[in-house]
Amino acid sequence: MTVALGLYQEANVPSIWRRLPRLPTFTETRSGFLLFRVCECRVPRDAPGFPAYTAGMVQPLFAGLASDADDSDESTRRNAARVALPVPVDELFDYSVPEALREHARPGCRVQVRFRDRHLTGIIVERGGGDEYRGRLRPVEAVIDPEPVLSTAMISILREAAHDVLCPIGVALATALPSGSAPRMVPGFAITRRGREALRVGALRGPHLRILEALSDHPQTGSSLRGRATPVGLADLERDGLVVRTAVERAASARERTVRMLAVSDGVDAERAASQDLSRAPRQAELLRRLARDGAAPAAAISEEFSSALVRALVARGLVAISDRPKPRDILGAPLPREPELLPTPEQAAALVPIAKAVRERASETFLLHGVTGSGKTEVYLRAVAEALAQDRQALVLVPEITLTHQILARLRGRFGDNLAVLHSGLSPGERLEQWQRLRGGATPIAVGARSALFAPLENLGVIVIDEEHDTAYKNDEGFRYRARDLAALRAREAGCPVILGSATPAVETRYAADRGDVTRLTLSYRVGDRPLPAVEVVDLARERDLAPRGRKLILSRKLRGAMQETLDLGGQTILFLNRRGFSTQILCFDCGFAERCVNCDIALVYHAAEQTLRCHYCDHQLDPPDTCRGCGAPDTALLGVGTQRLEEEVRSEFPTARIARMDRDNARKRGFVAGVLDDLGKGRLDVLIGTQMVAKGHDFPGVRLVGVIAADIGLHMPDFRAAERTFQLLTQVAGRAGRGVTPGRAILQTFVPKHYAVAPVSQHDYEGFYAEEVGYRRALGYPPFGRLVHVLISAEEEKAAADGVQALADAVARAGIPKAGACDLLGPSPSPLAKLRGRYRYQLLVKGSDAARVRAAAEFLCEAGARLPEGITAAVDANPTNML
């Protein structure tokens, strides 16, 4: 027996269909003056579509629904789809596929489905399913994509990566697609047939009439009805059955730019039509002949010479067709001159031999290209890309930050032209979608971008390059917590291609993997052209402070001021690095010690001089600077610490004639700002560049002779076992920006701890010395790579709720008997270093141990237990943490 459902009222199909088993055979109810009729009826199994066998004005609710209904479990499984949804549940959900949609409902296609009381966009992972489901499956409501947007290979990769990092598969798959590229379903209202009848006969007046008139064309959301509808008015109409709640489709926010084109319709003999059919319409004939001669033309250009009425007449005759063609926005700008191919150095040539061999043999080998700053790692990347292209394969090049794409993009364009695509968050959603579509359609073989470019739809990869592989920006810290190195290895394994990890300061875990033989290490130990590494001097700020005049704030040491003046006199450029934003770090009262802090986050507010406000760098809470201390009322408050704006003010005071620019995340948000500043620096239009981390790595400017680090030890005391490693890497990278031209460079590091093992080796460019000492500490304490670490963050709006939640998790793990001394230790619970962030209190647990399987079991247990915490308490489990805050 096949059961179908008819309803006198327009209604939401899935919710009504779901209630079908609970309905009697025939029911009549009254709401206001509208009669509802709900019934069951028998329909022949071979009946096409959804015939209206019921009496009265029964509406077809879903085309193809009845023909899909079959009592056999085998049919249910055959016509089902397993769909991944972006919900915090790590499983696939089974839906039936209506006959009309089966041709296009393939793995990798996005679909719209109903999940509980919401409409969601999911991705088909498998066809078939429903094996354990003994009721009626909900139907897929729509297939969004005519062709799969994720290949089966990419789905397989993402399923494995999601499992590794304890991420729900639906969340991982959603992360891999361009944001805003799918339509959304949002709650709204639709007019019923009875509502249309009431509108036709004029049965309503006032606000109710205006609501129905607004809904007469198409369903709308409550927000779009604002001004014409009140909640009470909508409730009245809904109660009387004149409107019904429904889902309203919102167009995708990311849209490709198109251009409207006019062309001669297929099969039309233009000359014959012009001479015979258009003999009395010479202008129409003229346009038709032009389109036949010149081919399709933009409608905008045609409208400059021919009227729109004339065009409409040709379209109405079927002689001319209108179509929209993609016209991607130009994000590259004017073409760049091709750069000559350089002769590789002996070290570069030696490094390229195994890389080229791996490309040709389709070997998924990982190489660590360990080269000092200025040793020519980029040239190795370019030649590896050229080798992949020579094999008719594709290349993927990753950089850690958007600011670094400008330089690597210029090098790639200079070598390969503009036949490449760019993917990073600095583009608009529409621009990202256009670039993604170019790759998907095979229009370009090269993709370059930041971390998310790893999801580029490249199906024939020949090489993957990860520049500055040590950078923490390659770890995604929310949702799908993947690490670029690990995901790249999975893509390379599937594609059969090498991965190149490039760095002057490799991550300790990467270098240790090379020591174990898991990664092949290739070295570039000299700068190109035998240019010397910059001379690095360490200034002891404690001693410098003792020699400074009393009352003077120590920002630039005597050594750094003198070096800057000397560099300016010689026509060189200077980069000053400070890993802080803002004019000053905090406002502190000298009387009571009170410091202004964020009410939502447990961190000090930062004073920004341009806006004259105190701002939180996490939630953007803003506050006017106080006239008196908020703690004791004293008028004597002071700006303490140094930020980039305060440093800029100091430099302008000391060197009034110098051309100075500042580049940090505050001003880098302005589109084109970073590219403009870097262009000015490269062309010698700047004398001093002040910046944060974005100026510290990857840039190559021959005119930079001096690098000054204002506070070299600023990151050493962070509550993170990688603090020393990150400090050494950052100092080495920023020092390496100096002396890349023919003139030797120098770097000056200002610090209060000149003998610290993360600072002292920088002066000798001694990565090996630092690595040996750091590995010793890691081994003794059981930190990665000698042990596994899991970070669990619990947050809630109430502090007691967060504290109770984290304690409940700790107790549950202990009761399960998972911890074991040394093999799997539970550390905590304790407040997070950032104890309050964006209005939520935060507590944490750490799991650390040498037994990888036991630590993994603890992480999985904590994921499951965290999902069962009371509403309002969230638990985030990071199975491979990079950020410990």
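Count, please, the residues in the range 290-304 that happen to be free of Cβ contacts under 8 Å to residues at least 24 places away in the same chain and open to solvent by less than 90 Å² (accessible area, probe 1.4 Å).
The qualifying residues number 3.
Just one of the numbered conditions (1) open to solvent by 50 Å² or more (accessible area, probe 1.4 Å); (2) at pLDDT below 85 is not true of Gly233; which one?
Of (1) open to solvent by 50 Å² or more (accessible area, probe 1.4 Å); (2) at pLDDT below 85, only one is false for Gly233: (1).
Against the definition (part of a loop (DSSP other than H, G, I, E, B) and open to solvent by 20 Å² or more (accessible area, probe 1.4 Å)), how does Gly426 come out, yes or no?
Considered against the rule, which asks whether it is part of a loop (DSSP other than H, G, I, E, B) and open to solvent by 20 Å² or more (accessible area, probe 1.4 Å), Gly426 comes out as yes.
Filter the range 246-262 for residues that are surrounded by 17 or more Cβ atoms within 10 Å (Cβ to Cβ) and in contact with a helix residue (DSSP H, G or I) (Cβ under 9 Å, 6 or more places away or on another chain) and give the result.
Matches in the range 246-262: Ala252, Ala254, Glu256, Met261, Leu262.
One residue is enough: does the range 449-463 have a residue meeting the conditions open to solvent by 20 Å² or more (accessible area, probe 1.4 Å) and under 29 Å from Gly708 (Cβ atoms)?
Within the range 449-463, none of the residues are open to solvent by 20 Å² or more (accessible area, probe 1.4 Å) and under 29 Å from Gly708 (Cβ atoms).
Residues in the range 176-206 that are open to solvent by 70 Å² or more (accessible area, probe 1.4 Å) and either in a helix (DSSP H, G or I) or out of contact with any Asp or Glu (no Cβ under 8 Å at 6 or more places or on another chain) (or both): how many?
Total satisfying the criteria: 8.
Checking the structure you have, find out if any residue of the range 114-123 is surrounded by fewer than 20 Cβ atoms within 10 Å (Cβ to Cβ), within 16 Å of Ala252 (Cβ to Cβ) and polar (S, T, N, Q).
No, that holds for no residue.
For the structure I just gave you, tell me whether Arg516 is open to solvent by 20 Å² or more (accessible area, probe 1.4 Å), closer than 21 Å to Glu774 by Cα and in contact with a helix residue (DSSP H, G or I) (Cβ under 8 Å, 6 or more places away or on another chain).
So Arg516 fails the test.
Name the residues in the range 628-666 that are in a helix (DSSP H, G or I) and either surrounded by fewer than 17 Cβ atoms within 10 Å (Cβ to Cβ) or at pLDDT 85 or above (or both), would you?
Correct list: Leu647, Glu648, Glu649, Glu650, Val651, Arg652, Ser653, Glu654, Arg665.
Residue by residue through the range 374-399, note down the ones that are in a loop (DSSP other than H, G, I, E, B), at pLDDT below 95 and open to solvent by 10 Å² or more (accessible area, probe 1.4 Å).
Gly374, Gly376
For the range 689-720, how many residues meet the condition of being touching a strand residue (DSSP E or B) at 6+ places or on another chain (Cβ under 6 Å) and assigned to a strand (DSSP E or B)?
Residues in the range 689-720 being touching a strand residue (DSSP E or B) at 6+ places or on another chain (Cβ under 6 Å) and assigned to a strand (DSSP E or B): 8 in total.
Looking for something farther than 30 Å from Leu454 by Cβ and open to solvent by 20 Å² or more (accessible area, probe 1.4 Å) - is there at least one such residue anywhere in the range 140-162?
So far as the range 140-162 goes, yes, one or more of its residues are farther than 30 Å from Leu454 by Cβ and open to solvent by 20 Å² or more (accessible area, probe 1.4 Å).
Only one of these conditions is not met by Cys167: (1) in a loop (DSSP other than H, G, I, E, B); (2) open to solvent by 10 Å² or more (accessible area, probe 1.4 Å). Which number is it?
If we test Cys167 against (1) in a loop (DSSP other than H, G, I, E, B); (2) open to solvent by 10 Å² or more (accessible area, probe 1.4 Å), just (2) comes out false.
Which residue is nearest to Ala176 (Cα to Cα), if the candidates are limited to the range 400-409 and must be open to solvent by less than 40 Å² (accessible area, probe 1.4 Å) and not in a loop (DSSP other than H, G, I, E, B)?
Filtering the range 400-409 for residues that are open to solvent by less than 40 Å² (accessible area, probe 1.4 Å) and not in a loop (DSSP other than H, G, I, E, B), the one nearest to Ala176 (Cα to Cα) comes out as Thr405.
Looking only at the range 339-373, count how many residues are under 21 Å from Asn460 (Cβ atoms) and open to solvent by 40 Å² or more (accessible area, probe 1.4 Å).
Number satisfying all stated conditions: 6.
The values are calculated or read from the model by the stated rules, or taken from the named source; none is laboratory data. None of these values were measured; they are calculated from a predicted model. Every residue, glycine among them, receives a Cβ derived from its backbone with ideal geometry; neighbour counts consider all protein chains shown. Each accessible area value is taken on the protein alone, full model and side chains, heavy atoms only, with ligands, DNA and RNA left out. Shrake-Rupley method; radii C 1.70, N 1.55, O 1.52, S 1.80 Å.
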